[in-house]
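The values are calculated or read from the model by the stated rules, or taken from the named source; none is laboratory data. Since the structure is predicted, the reported quantities are computational estimates derived from the model, not experimental observations. Cβ placement follows ideal geometry from the backbone for every residue including glycine, while neighbour counts extend to all protein chains displayed. Calculation scope for accessible area: heavy atoms of the full protein, side chains included, ligands and nucleic acids excluded. Shrake-Rupley method; radii C 1.70, N 1.55, O 1.52, S 1.80 Å.
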Amino acid sequence: MKKQWWQREVVYQIYPKSFYDSNGDGIGDINGILEKLPYLKELGVTMLWICPIYQSPMDDNGYDISDYLNLAPEFGTMEQLKNLIDTAKEMGIKIIMDLVINHTSDEHKWFQEALKDKNSPYHDFYIFKEGTKEPNNWRSVFGTSVWEKVPDREEYFFHAFGKKQPDLNWENEKVREALYDMVNTWLDFGIAGFRVDAITFIKKDQTYKNLEPDGVDGLAKCTKASRNQSGIEVFLQELKEKTFDKYQCVTVAEAPGVQYDELDQFIGENGFFSMIFDFRHADLDVASGSEWFKRVPWTVKDLNKRIMTSQMAIQKVGWSANFIENHDQPRATSKYLLAEERNEEAVKMMGAMYFFLKGTPFIYQGQELGMVNFERESIDDFNDISSIDQYYRSMKEGCTKEEALYYINLRSRDNSRTPFPWNDEKNGGFTTGTPWLKMTETYKEINAKEQMGREDSIFHFYKNMIDFRQHSEYSDCLIYGEITPIATNEDVIGYERTYEGKKIKCYYNFSKESKKETLEEEAKAVIFHTGDQIELSKTGILLKPYQAVLVCME
Ligand code: NOJ
Ligand code: CA
């Protein structure tokens, strides 16, 4: 594939509410990000993805936008954002924003107009159906029906996510035009591009027919008829032509439901987006991303298979967006390392495993410190709307209260949304006020200050790893090199990167036992590793428990 500027980036995802609070109101803000730019610069990341900061009642923490062109006052002003973008740019850091165009908040003026007057042109901006009961049995992603009754009218509106997030009617050209104008306004403002939210939901099966129920509630997952439906390609092509194509911007799509044989359309040479996130490895511990109480046992072999299948499919046509954490996922330490979640060597090994895959690496705030899940003792301690839904739904499906709490603790989106631990002082130095969401109880041990002052910390490891990808004689191979899986021992993940005469073999031992990996030819040198120095033999490498090793072959 043609070389693109965004292939060289290392992205850091910021959940602004929880990053750093500059004015003591308990909520992270734009000036908080500004103050912490030196920290991000030191880490070495080159691009920030900032989760939604637009005006919003915050029912889904900003993924429910009530005004696309203004910011939520708790985050700051447009001038402050401009200043952040300019200052970051001077430091060599680009900024992308979240683009949420499948739905708005019910407090958006378009929706308010639609509610006020059935004959308003804004009525057709959303999906309304007349009737005295729900038009069909589809279940929303956050539980209960996708249909919500309009007060005082025999009419329902559609929401694929929460009931305060009505879906926009993409069949209406006026909606699409209004959205494209907004997108272009933001690109003109000076951002480098977008992470595009839930974009495969914009097209619905127009028959709106009932589906075979898949739960005791008699409902069926709406994704079967409102995600990646045929006809979506027309909308996505138009979106790209009328907005992104006019700029040298990057677009990273959250596009669940896209099959591997459809990737070309999405991220191929003339694809709709620069890259997309693949969630198959992220959801390996549950039956589906929206049913946390259906746990699935997994092995390192399964993880390996999912990651490599994805890499191979994506490499054929385009570019991958690699991640192990984000604001919708539990901490990767707790999910993938289980009892070893606090073992720093294991955390580093896992970090290297995904970081040196082919694609642009995304680091979620706190991942570079090896943050772990936060176990909550009562449902009252949760903020995330989907955790609350999953709690009650799992009990309807037969779980006890204890089981329900156990399942949401494992999977809750609040695990990764806790305020960032800057130091071991009160509230981890995140705020001088009361944090909007409880601090994790681990901040005394896991915090940025302690790790920045300790050479062998996870923070320093991430810093070195980023530097190695970006600024070493192996950079081009690690960035552009072909990837091929290597056959390895059971609990070891291995792959090879090759580029213009260079070959790097990468091994990651996920087990507490040492593992001997055979090399068919003698390696030239160990170029990167965790843990103790490695002794290479002519025929192989002995990996210590939880060790990562990269060797150069040519
Ligand atoms: C995906 C976002 O990542 C998630 O946080 C949000 O709740 C849904 N889309 C709905 O916008
Ligand atoms: Ca604040």
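The H on the amide N of Lys503, modeled in the peptide plane, is under 5 Å from the matching H of Met553, Glu554, each at least 5 residues off or on a different chain.
Only protein heavy atoms count here; under a 1.4 Å probe, Arg195 has an accessible surface of about 10 Å². Sparsely packed loop sites in segment 100-157 (the trypsin sites (Lys or Arg not before Pro) outside DSSP H, G, I, E and B with at most 16 other Cβ atoms within 10 Å) comprise Lys118, Lys133, Arg153.
Placing dummy labels 7 Å off each Cα toward the beta-carbon, the span from Asp117 to Glu212 is 4.7 nm.
In terms of overall dimensions, the C-alpha atoms belonging to segment 138-248 reach 48, 31, 22 Å along their principal axes, ordered largest to smallest. For segment 12-169, the dipole from Cβ point charges (+1 on Lys and Arg, -1 on Asp and Glu) about the Cα centre works out to 360 debye, to the nearest 20.
Among the trypsin sites (Lys or Arg not before Pro) found in segment 481-517, those both in a DSSP coil and sparsely packed, with 13 or fewer other Cβ atoms within 10 Å of their Cβ, are Lys512.
Separation of the alpha carbons by more than 25 angstrom is noted, of Lys94/Lys246; Lys41/Lys524; Lys204/Lys240; Lys301/Lys505, for Lys41/Lys524. Computed on protein heavy atoms with a 1.4 Å probe, the accessible areas place Asp29, Asp67 in the order Asp67, Asp29, largest first.
The charge dipole of the chain, taken about the Cα centre with unit charges on the Cβ atoms of Lys, Arg (+1) and Asp, Glu (-1), comes to about 780 debye, rounded to the nearest 20. The accessible-area ordering, largest first, of the residues Tyr406, Tyr480 stands as Tyr406, Tyr480, per a 1.4 angstrom probe. Extension gain for Glu177 to Asp381 (0.36 nm times residue separation, less C-alpha to C-alpha distance): 69.3 nm. Given the options Leu115, Gln237, Pro38, identify the residue whose Cα lies farthest towards the positive end of the charge dipole of the chain (+1 on Cβ of Lys, Arg; -1 on Cβ of Asp, Glu). Ranked along the dipole, the leading option is Gln237. A straight Cα-to-Cα reach below 19 Å connects Lys538 with the aspartates and glutamates Glu496, Glu517, Glu520, Glu521, Glu522, Glu554, residues fewer than 8 places away in its own chain not being considered. Estimated at 0.36 nm per residue, the fully extended path between His471 and Lys316 surpasses their Cα-Cα distance by 53.2 nm.
Each of the peptides 547-553, 80-86 was scored by the mean count of other Cβ atoms within 10 Å over its residues; in descending order, highest first, they stand as 547-553, 80-86. Applying the criteria of a DSSP loop state and at most 10 other Cβ atoms within 10 Å to the GluC sites (Glu not before Pro) of segment 328-379 yields Glu377.
Cβ-Cβ distance of Lys438 and Asp302, R₀ of 51 Å, FRET efficiency by 1/(1 + (r/R0)^6): the value works out to about 0.95.
Quick one: Kirkwood hydrodynamic radius for segment 173-227, alpha-carbon pairs, angstrom, one decimal?
14.1 Å
When only the Cβ of Lys, Arg, Asp and Glu is charged (+1, +1, -1, -1), the dipole of segment 356-448 relative to its Cα centre reaches about 320 debye.
Computed on the chain, with alpha-carbon pairs under 8 angstrom and 6+ residues apart, the relative contact order is 13 percent. Candidate cross-link partners of Lys294 among the lysines, defined by an alpha-carbon separation under 19 Å and a same-chain spacing of 8 or more, comprise Lys221, Lys224, Lys335, Lys396, Lys401.
For Lys36, the aspartates and glutamates whose Cα falls under 13 Å of its own Cα, not counting residues fewer than eight places away in the same chain, are Asp21.
Starting from 0.36 nm per residue, how many nanometres of slack lie between Lys41 and Asn184 once their C-alpha separation is accounted for?
48.6 nm
Modelled this way, with points 7 Å down the Cα-to-C-beta line, the labels at Val526 and Leu542 are 1.1 nm from one another.
Could you check how much of the accessible area of segment 285-340 is carbon and sulfur, as a whole percent, using a 1.4 Å probe?
Carbon with sulfur: 55 percent of the solvent-accessible area.
The residue list Thr440, Leu168, Leu536 was ranked by how far each Cα lies along the charge dipole of the chain toward its positive end, using unit charges on Cβ atoms, and Leu536 comes out on top.
Each residue of segment 543-551 was assigned a 3J(HN,Hα) from its phi angle through the Karplus expression (A = 6.51, B = -1.76, C = 1.60, θ = phi - 60°), giving 7, 6, x, 6, 9, 10, 9, 10, 10 Hz with x at Gly and Pro. With one equal scatterer per alpha carbon and no solvent term, the Debye-computed log10 I(q)/I(0) for segment 316-429 at 0.12, 0.17 1/Å reads -0.51, -0.90. Pairs of Cα atoms in segment 1-47 fall into 5 Å distance bins, from 0 up to the last occupied one, in shares of 5, 20, 23, 19, 13, 9, 5, 4, 1, 1 percent.
At an R0 of 22 angstrom, the distance between the Cβ atoms of Asp245 and Tyr480 translates into a FRET efficiency of 0.40. For the chain, the alpha-carbon coordinates run over 78, 52, 51 Å along the three principal axes, in decreasing order.
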